[in-house]
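The values are calculated or read from the model by the stated rules, or taken from the named source; none is laboratory data. Small disclaimer: the values here were computed from a predicted structure and weren't measured. Positions of Cβ are generated from backbone atoms using ideal geometry, with glycine treated the same way; all protein chains shown enter the neighbour counts. These accessible areas exclude ligands, DNA and RNA; they are computed on the full protein's heavy atoms, side chains included. Shrake-Rupley method; radii C 1.70, N 1.55, O 1.52, S 1.80 Å.
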Amino acid sequence: MDSLSAQLEEVRSRAEAFLSSPCSAHEVRAGVCAMANLPLPLSAKYREISAETMVKDNSSGNNKKETIGSLQRLSTALNILEKYGSNLTSSNRPKFWRTVKHNNPVFRATVDAIKGGRAVLSLYGYTNQQADGLSFPEDVQEPDIQKVSSVTLEVMSLRMELDMLIQESHPHPEFFEPLVPSVFQQEEKLLASPSDTPWKKEDKPMLAATPSKASSSTKPTGCSLCGGTASVLCAPCGSIGFCESCDLAFHRHPSRATHKRSPTPAERQDNCTICGIFPVSAQCPVCVQRLCSECDRLYHSHPARASHSRIAVASAKPSKSISASLSSWQCVHCTTLNRMQEVLCGTCERPRLASTAPAATSAPQEELLQPSTITEWQCKSCTVVNPGSSVLCEVCERPRLATRPPTTPSRPAAPTMGLGNSQWMCQFCTYANHTPSSICEMCDLPRPEPAPLPSKFRTPSPARDFPQPPIKPRATPSEDPDVKRQRLMKEEGLKLIQLIREGERKGVSPEEVYTGVCVSGDSSVVPCDWLKAQLPPLLDEICTRAASTALGPRALQPESSERTDGSQEQLSRGVQLSRAEAKRAWLTAGGDTERAIKQALRERKAKVKELSALGFSDTARCGEALRLSGGEVKGALALLQRPLLEPFHQRMWSDQPEPSLNIHHPDKQRVCRRLLAVYDLPSWGRSELALSLLQDPAAPYTLEDVVQAVRESHDRDFIRRVLAKECPICLSVFPHSKMQSLTSCQCSVCCGCFKQHFTIAVRDKHIRDMVCPVCWEPDINDPEHLNSYFSTLDIQLRECLEQDVYELFHKKLTEQALIKDPKFLWCSHCSYGFIYDGDQLKVTCFQCRNSFCAQCKKPWESQHTGLSCEQFQSWKRENDPEYQRQGLAGYLRDNGITCPNCRFQYALARGGCMHFCCSQCRYQFCSGCNNPFHTTCSVIQCSVTGLHAHHPRDCLFYLRDWEPARLQALLQKEEVAFDTDTPPGTQAGLCGVIEQKDEGAQQTDSACGAQTQPGQAGLCEKHYREYLVSLINGHSIDPAPLYNANELLLACRRYQVEEPRVESEDDRTYYSRLLKILMDSEPLGDKVPRKK
């Protein structure tokens, strides 16, 4: 016994730890099974609840069936109590866990229907008795988890023992034999011999002993602990069946670790080890579980078990009592298939797990099996699917097993055969009750005694079922007083509702209608007509009688006043009421005139006292103000304050200008109040701060600047910094409000410098020069930032620039936008831009009226008519003496630089610096390949910082370093002709090519003037190389074949061409292969000027 007690303590402590902490349901179930199977009497096993008393008091019946039915009801109640305890120990408790309502149908049908149910709730902590249920005391914030876990464990264990006793699978039924002997007496009759020989006591076998072969054949095939499918039989324990999980938990104890178990026969049904209902579909060797498909999905959805590998198991013979689909369940009463989410049957509205009706008790036990594990349930009222652990619906808060509430209360129908008193209507609240309880579920009033029914009922005809015609109720001489009272109340209520609705249509409030009905006393009088005719004189009477009544003891004495003629007049100190006050008091008094007068005087006295507390001590003025405002304190207060505000109103509406603020006034509070009121400062402290800053002699600030700075901050140092900003251009000090800044940077300049800078930029510079004068940001070469920058700049310049300058800014901004149009042309004579939609080569400028070619942009000559631009250039080289005299200098001028952004042409050579800046659009590009120059590179692999461009290998940027002989050899290889002789008529010794030069701060166009060399066509070496490169680019000649080894490797590194060298490969073969890869992977420049 001592070892069993120690084992009990161990099992209890482990199971309580599982309950009080978040763990799996399998571990909790194993602990409960271990406690339920201990061979101890109930008095020794259960310490918190009185288990023996509950079993003895709740087991009633004359035979085995009735006793088992009562034990099933006790088990159902224990199941509900178990859910109450589980909700308290859960980390996510329900919303209303502190209370248990008596009107809950689940509570009344289960816990409240057994003896000892409320005692268990008291052990949980529901000790505060209320009118509608039980609750935790107010000073208890959290339940005692340790105590609740202990009680919940015993409730779960007792419920499991009762289930095993009902299923005849309890390992130690001898402990229940003194408590419920009828169960075992019935069993003895069933097991008696056919000869009905009296059963001798000494021949009675012990239930705990090892059964014989005859009795072992009748032993249930389920697990003796959880009721699932048994997989092994333990002979030392009495040939009791265990499933795999229960066998592992039960024989873990050292005293049972040596027991030898044998597998069950093969014909036994193999069900899931968790639900015990559905056949096994998978076996998990990691957690030693044999699971059905639904339990396998739910059990292995946990992250800790998601990686377990399962073995598919072929399903055995399907069970007769369970549907093969997990999406439905069969009602044991009407055999209707319902959805798995529904808790009540859709036909008979019986609970899902309810016991079968008496007529169905002869069915086999396996036909009554239903799923015992419900993961979710659907509310019958609002159809919301709730978790299986909740008792009340999360939306409508109706109980789990409650039926759908009726839409309209129906009258009680005549009793039919077989219905009995299961449905009845309460005569007090007309609620249709669906349970045979003697108390109404809605109003908790007792049910009246039913009238005696006739002994025989007339059965309806099976052939035709006509609806019963309405029966006219007969006036009974003796009507029930309660029914009569309720009928009269209903009639009076309906009549009052009709009168109220009629009054609302006429603008009469429901209070006036009800009071009018009570005062008139005549049912034939319409309340609205009575109120219209009789209420005004009645209100005047109340006002007159109140005027003759003194307000207080002091008011009883008359006061004399002097007339204009010098005589004395006695004035009454009565209360002058308005009709609104009299009407309000009359409604409050329910139509009683005397009470209305007293009520009006009390209200007037309280309101006068309230106005006196606000500083208005003149009782007469307060009373007059209340009379004029209809008894409203706010209206009276407005009337009393109006004379006090008269000087302020006169000053506000005066035509005279507001006097200036005198900061040196001796009354500082007056100055602060003026600042607070006139300049809308946020607080009194800000007003004092503004006054101190204005009175500071070291920093003379203007009032407007100080007020604006104080509104933004309360920090004195920060305000001083804001009021003393230095302009970086003129180095003068200004407040922050007098500074301006662009949105693209953090620089701030004074308004004067801002206006002057942008005025000069608009008049004398390009549109792209209109950036910050301090940091020269942003980089408006980026077209993405261009539109957003100018849209915000336009708003700032509109306020500060003069009208003509602002119009010029818009004109330049428009030209900048027109440059992007492909039909936009620049005049070669006056640099005027316009849109040209024609298809002829000859174009006439709208500004200077001169003509030029739309394609080559050269001044138009008559010889150009009918000739292409190339044919015209060839003709000039052959026939124009002036052009022949210029020689290659004219060629370089005609093939000058063209801006790739705005297509403006420059008659300049490309020699010298390759970085070219267009004077029209400020676009920066390479004059050799037209690639843009930028400081922020968009190439990801580029590591060059600063201003640079990515030049192709045929750009003048690289070929200008080649010797003229090498460039001539490249042209000779491609059979391209080039000039070497000096043309006749040109100036000898000096190069005449026009190029752009930097002279101080300006860029000018002038002749090169460098010394020429013989054999270079009268050009200097720099421009002769440019001439040869223009021929190479015009004929798209690739210079890569003339690369030496170093130049080839350098080009591969520049263009990131990587090709490993093959082993035993000579230099010639490797460089040839590398050259071919470079020429194939890196094409020539796509923007390099080519021959048209």
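Which one of 834, 846, 824 is open to solvent by 70 Å² or more (accessible area, probe 1.4 Å), over 24 Å from residue 751 (Cα atoms) and of a type outside the set (A, V, I, L, M)?
Testing whether each residue is open to solvent by 70 Å² or more (accessible area, probe 1.4 Å), over 24 Å from residue 751 (Cα atoms) and of a type outside the set (A, V, I, L, M) leaves just 846.
To keep it simple, each residue is scored yes or no on (1) touching a Ser or Thr at 6+ places or on another chain (Cβ under 8 Å); (2) modelled with pLDDT of 85 or more; (3) open to solvent by less than 50 Å² (accessible area, probe 1.4 Å); (4) more than 20 Å from residue 740 (Cα to Cα).
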site: 673; (1), (2), (3), (4): yes, yes, no, yes
site: 680; (1), (2), (3), (4): no, no, no, yes
site: 687; (1), (2), (3), (4): no, yes, yes, yes
site: 691; (1), (2), (3), (4): no, yes, yes, yes
site: 697; (1), (2), (3), (4): no, no, no, yes
site: 700; (1), (2), (3), (4): no, no, no, yes
site: 711; (1), (2), (3), (4): no, yes, no, no
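Is it fair to say residue 144 is under 21 Å from residue 48 (Cα atoms) and open to solvent by 60 Å² or more (accessible area, probe 1.4 Å)?
It is true that residue 144 is under 21 Å from residue 48 (Cα atoms) and open to solvent by 60 Å² or more (accessible area, probe 1.4 Å).
Among the listed residues 150, 157, identify the single one that is closer than 30 Å to residue 239 by Cα, hydroxyl-bearing (Ser, Thr, Tyr) and in contact (Cβ under 8 Å) with a residue 60 or more places away in the chain. Walk me through how you get there before you give the answer.
Details: 150 fails: closer than 30 Å to residue 239 by Cα.
It is 157.
Name the pairs whose Cβ atoms lie under 6 Å apart, with the first residue in the stretch 652-666 and under 16 Å from residue 679 (Cβ atoms) and in contact (Cβ under 8 Å) with a residue 12 or more places away in the chain, the second loosely packed, with under 10 Cβ neighbours inside 10 Å and of a type in the set (S, T, N, Q), and 6 or more positions between them or separate chains?
Here the result reads none, with nothing in the stretch 652-666 linked to a residue that is loosely packed, with under 10 Cβ neighbours inside 10 Å and of a type in the set (S, T, N, Q).
What about residue 758, is it within 20 Å of residue 705 (Cα to Cα) and either of a type outside the set (Gly, Ala, Ser) or open to solvent by 50 Å² or more (accessible area, probe 1.4 Å) (or both)?
So residue 758 fails the test.
Among (1) open to solvent by 30 Å² or more (accessible area, probe 1.4 Å); (2) in contact (Cβ under 8 Å) with a residue 12 or more places away in the chain; (3) within 30 Å of residue 699 (Cβ to Cβ), which single condition is residue 742 missing?
The one condition residue 742 does not meet is (1).
Find all pairs meeting these conditions: Cβ atoms under 6 angstrom apart; at least six residues apart or on different chains; first residue within the stretch 1015-1034 and more than 22 Å from residue 1083 (Cβ to Cβ); second residue assigned to a helix (DSSP H, G or I) and open to solvent by less than 10 Å² (accessible area, probe 1.4 Å).
Note: pairs meeting the criteria are 1016/1024.
Between a first residue in the stretch 331-353 that is in a loop (DSSP other than H, G, I, E, B) and modelled with pLDDT under 70 and a second residue that is β-branched (Val, Ile, Thr) and buried (at least 18 other Cβ atoms within 10 Å of the Cβ), which pairs have beta carbons less than 6 Å apart while being 6 or more apart in sequence or on different chains?
Pairs found: 352/343.
Filter the stretch 127-141 down to the residues that are under 20 Å from residue 152 (Cα atoms), open to solvent by 20 Å² or more (accessible area, probe 1.4 Å) and aliphatic (A, V, I, L, M) and list them by number.
Hit for the stretch 127-141 is 140, nothing else.
Here are some residues: 462, 467. Which one is over 57 Å from the mean Cα position of the chain (by Cα), open to solvent by 80 Å² or more (accessible area, probe 1.4 Å) and at pLDDT below 85?
462
Yes or no, residue by residue, for (1) open to solvent by less than 40 Å² (accessible area, probe 1.4 Å); (2) among the hydrophobic types (A, V, I, L, M, F, W, C); (3) touching an Asp or Glu at 6+ places or on another chain (Cβ under 8 Å):
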{"site": "10", "(1), (2), (3)": "no, no, no"}
{"site": "15", "(1), (2), (3)": "yes, yes, no"}
{"site": "31", "(1), (2), (3)": "yes, no, no"}
{"site": "43", "(1), (2), (3)": "no, no, yes"}
{"site": "48", "(1), (2), (3)": "no, no, yes"}
{"site": "54", "(1), (2), (3)": "yes, yes, no"}
{"site": "57", "(1), (2), (3)": "no, no, no"}
{"site": "63", "(1), (2), (3)": "no, no, no"}
{"site": "86", "(1), (2), (3)": "no, no, no"}
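Sort out which residues of the stretch 693-720 are hydroxyl-bearing (Ser, Thr, Tyr) and in contact with a helix residue (DSSP H, G or I) (Cβ under 8 Å, 6 or more places away or on another chain), and write them in order of number.
701, 713
Filter the stretch 928-963 down to the residues that are β-branched (Val, Ile, Thr) and touching a residue at least 40 places away in the same chain (Cβ under 8 Å), then identify the one that is least open to solvent (accessible area, probe 1.4 Å).
The qualifying residue least open to solvent (accessible area, probe 1.4 Å) is 935.
Residues are listed down the side, and each one gets a yes or a no for (1) of a type outside the set (Ser, Thr, Tyr); (2) closer than 21 Å to residue 251 by Cβ; (3) in contact with a Leu (Cβ under 6 Å, 6 or more places away or on another chain); (4) part of a helix (DSSP H, G or I):
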site: 13; (1), (2), (3), (4): no, yes, no, yes
site: 32; (1), (2), (3), (4): yes, yes, no, yes
site: 40; (1), (2), (3), (4): yes, yes, yes, no
site: 47; (1), (2), (3), (4): yes, no, no, no
site: 54; (1), (2), (3), (4): yes, no, no, yes
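Is there a residue in the stretch 593-611 that is part of a loop (DSSP other than H, G, I, E, B), touching a residue at least 12 places away in the same chain (Cβ under 8 Å) and open to solvent by less than 80 Å² (accessible area, probe 1.4 Å)?
No: the stretch 593-611 contains no residue that is part of a loop (DSSP other than H, G, I, E, B), touching a residue at least 12 places away in the same chain (Cβ under 8 Å) and open to solvent by less than 80 Å² (accessible area, probe 1.4 Å).
Can you find a residue that is modelled with pLDDT under 85 and in contact with a Phe, Trp or Tyr (Cβ under 8 Å, 6 or more places away or on another chain) anywhere in the stretch 813-822? Explain how you work it out, then say what you get.
Filtering the stretch 813-822 down to residues modelled with pLDDT under 85 leaves 813-822.
Add one more test, that the residue is in contact with a Phe, Trp or Tyr (Cβ under 8 Å, 6 or more places away or on another chain), and what stays is 813, 818.
The answer is yes, given that some residue of the stretch 813-822 is modelled with pLDDT under 85 and in contact with a Phe, Trp or Tyr (Cβ under 8 Å, 6 or more places away or on another chain).
Residue by residue, here is whether (1) within 14 Å of residue 950 (Cβ to Cβ); (2) part of a helix (DSSP H, G or I); (3) open to solvent by 100 Å² or more (accessible area, probe 1.4 Å) holds:
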| residue | (1), (2), (3) |
| --- | --- |
| 1057 | no, no, no |
| 1062 | no, no, no |
| 1065 | no, no, no |
| 1069 | no, yes, no |
| 1077 | no, yes, no |
| 1087 | yes, no, no |
| 1090 | no, no, no |
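Per-residue answers, yes or no, for (1) part of a loop (DSSP other than H, G, I, E, B); (2) open to solvent by less than 60 Å² (accessible area, probe 1.4 Å); (3) at pLDDT 90 or above; (4) not basic (Lys, Arg):
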position	(1), (2), (3), (4)
615	yes, no, no, yes
622	no, yes, yes, yes
650	no, no, no, yes
658	yes, no, no, yes
666	yes, no, no, yes
669	no, no, no, yes
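Residue under question is residue 124, and the condition is that it be in contact with a Lys or Arg (Cβ under 9 Å, 6 or more places away or on another chain), over 21 Å from residue 184 (Cβ atoms) and open to solvent by less than 30 Å² (accessible area, probe 1.4 Å); does it hold? Even if it seems obvious, please write down each step before you answer.
Numbers: in contact with a Lys or Arg (Cβ under 9 Å, 6 or more places away or on another chain): yes; over 21 Å from residue 184 (Cβ atoms): yes; open to solvent by less than 30 Å² (accessible area, probe 1.4 Å): yes.
Spelling it out, residue 124 is indeed in contact with a Lys or Arg (Cβ under 9 Å, 6 or more places away or on another chain), over 21 Å from residue 184 (Cβ atoms) and open to solvent by less than 30 Å² (accessible area, probe 1.4 Å).
Could you say which residue among 119, 131, 77, 109 is modelled with pLDDT under 85 and part of a helix (DSSP H, G or I)?
Sole residue among the options that is modelled with pLDDT under 85 and part of a helix (DSSP H, G or I): 109.
How many of the residues making up the stretch 65-84 are open to solvent by 50 Å² or more (accessible area, probe 1.4 Å) and either in contact with a Leu (Cβ under 7 Å, 6 or more places away or on another chain) or within 30 Å of residue 442 (Cβ to Cβ) (or both)? Walk me through it before giving the result.
At the first step, the residues of the stretch 65-84 found to be open to solvent by 50 Å² or more (accessible area, probe 1.4 Å) are 65-66, 72-73, 76, 83.
Checking the rest, the ones that are also either in contact with a Leu (Cβ under 7 Å, 6 or more places away or on another chain) or within 30 Å of residue 442 (Cβ to Cβ) (or both) come to 72-73, 76, 83.
Of the residues in the stretch 65-84, 4 are open to solvent by 50 Å² or more (accessible area, probe 1.4 Å) and either in contact with a Leu (Cβ under 7 Å, 6 or more places away or on another chain) or within 30 Å of residue 442 (Cβ to Cβ) (or both).
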